[in-house]
Structures are given as structure tokens and as C-alpha cells.
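This report refers to the structure that appears directly beneath it.
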Amino acid sequence: MKTALVAGSTGLVGEQVVRQLVKSNHYKKIIVIARRKTAFYDEPLVEERMVTFDELEKDAESFQVDDVFNCLGTTIKKAKSKAQFEKVDYDYPLSIARLAKDQGAKRFLTVSAIGADPESSFFYNKVKGRLEEALIMLKLPSLHILRPSLLLGSRNEFRPGEKAAEWIGKPLSFAFIGPLEKYKPVKGIDVATVMCALAQEESLGVHIYESNQIRHLGNVLNKRK
């Protein structure tokens, strides 16, 4: 049986990833790194480790696992500055990936975003694109990048901007057809399901999944449960 590490387990996707890994019977241990206690502190398979993300190298042994799931992410409003946003969505994930590679992890799976592009004029997409570029340059054994559109689902935190977009997006989801299909909102649980399924593959190299691929594959996998 394998071991896994999850970063961002208090978020919409990360929480579902941990729940699904626990139920999967593929893992003997799931390490959750966080700044504070999570919902999994009393789960027998989960080993919760409190870390300082600015000093992750002090917890290098935590990354001696098979699979690493990066679900870290914030908003500029919550981060309160572009610099802090970049730290959470670029610096921390890249540090995690470097430690994972150094410690011999086999797979690295990360949540990016639709429109990620290092040359984008939109700061959010630019940061996501820069991270993707940096992760690819690391030459990890197996890198899976998921680019979901607007994420649907219940969060532990209230994000008014995303909630407003969800209220608008749901009734208009029928309009996302043809070239616009990739922009259709996707359920957070579907993203988590796809991440967990991809971690069971033996594929090497870089693999990128657009939102419409995630949504379709997630629907199929969740119907099988």
C-alpha cells in the first residue's frame, strides 16, 4: 500500500481528496500538512502535521511519500495583497514540489485553473501559469495538472465573489456548449475524484487536464461509486 501527502486539506477540493483517499484502500498513511487542526485529526489513517509553510524544509521527512496532492489556493481578497496571494499560490506549491522530488515522491498532482498562462494579462492566471511552468521545469517523475473552471460546492469559508459567480453560473450552465464548454462550472468533488483516480495510474511525464475533461471524467467516476 502507498503513502500520500495532501496540502490544502481545509479547502473545497483538498477536503474531498483526503476523504476519498481514506476510503480508497490504496493508502496505509495519509499525511496532512496544515497550519492548524483539520477535520481529520482523529482519522486513524491520517497523520496531521502542523507546519510553517515558509519553512517547509524543516519538515522534509513529511514528503517521503508516494503521491503528493497540492490543493493550496486562495483569493487576492483573502490574501489581502498580490504578494501574499503569490506566496500561497506559487511559492508554497513550488516548495512542496521541490521537497517531494528531493524525497523521492513518484507522483505530484496539483490544482491549477482554467486560463493559466505565464503571459496572461490577468494576475491570477499569470501566477497559475508561472507555477505550471516552474513545475514542468522541475522534471518531476509524474506531474498531473488539473485546470478547473469555477468550482462548485460547499466551502468551509465564504467567498462572496465565487458564490455570486456560482449563483449566476448554475442557471446559465446550459449555455456553455461548443467552444464555451470548457468554461462550464465543475464540482469540487469531481476534481477531487479525478485527482485520486489519476494517482493510481503509472503514467510518467507531464499531463494537463482541462475543465471539460475533468467534469466528464468526474461524472463517470462518481457514477461508478
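Quick notes
- In the stretch 10-48, residue nearest to the chain's Cα centre (by Cα) [restricted to those that are part of a helix (DSSP H, G or I) and polar (S, T, N, Q)]: Q16
- Scanning the stretch 78-100 for residues that are touching a Lys or Arg at 6+ places or on another chain (Cβ under 8 Å) and charged (D, E, K, R) yields K78, D89.
- Selection status of E57, out of contact with any strand residue (DSSP E or B) (no Cβ under 8 Å at 6 or more places or on another chain) and exposed (fewer than 15 other Cβ atoms within 10 Å of the Cβ): yes
- Of all residues making up the stretch 49-78, the number that are more than 30 Å from L150 (Cβ to Cβ) and assigned to a loop (DSSP other than H, G, I, E, B): 4
- E166 modelled with pLDDT under 90 and either hydroxyl-bearing (S, T, Y) or surrounded by 14 or more Cβ atoms within 10 Å (Cβ to Cβ) (or both): yes
- Per this entry, L140 is not counted among residues that are surrounded by fewer than 19 Cβ atoms within 10 Å (Cβ to Cβ), under 19 Å from M195 (Cβ atoms) and of a type in the set (A, V, I, L, M).
- From S121, S154, residue being surrounded by fewer than 15 Cβ atoms within 10 Å (Cβ to Cβ), among the polar types (S, T, N, Q), in a loop (DSSP other than H, G, I, E, B) and without any contact (Cβ under 8 Å) to a residue 40 or more places away in the chain: S121
The values are calculated or read from the model by the stated rules, or taken from the named source; none is laboratory data. Remember, predicted model here, so these are calculated numbers, not experimental data. Using ideal geometry, Cβ is built from the backbone for each residue, glycine included, and neighbour counts are taken over all protein chains shown.
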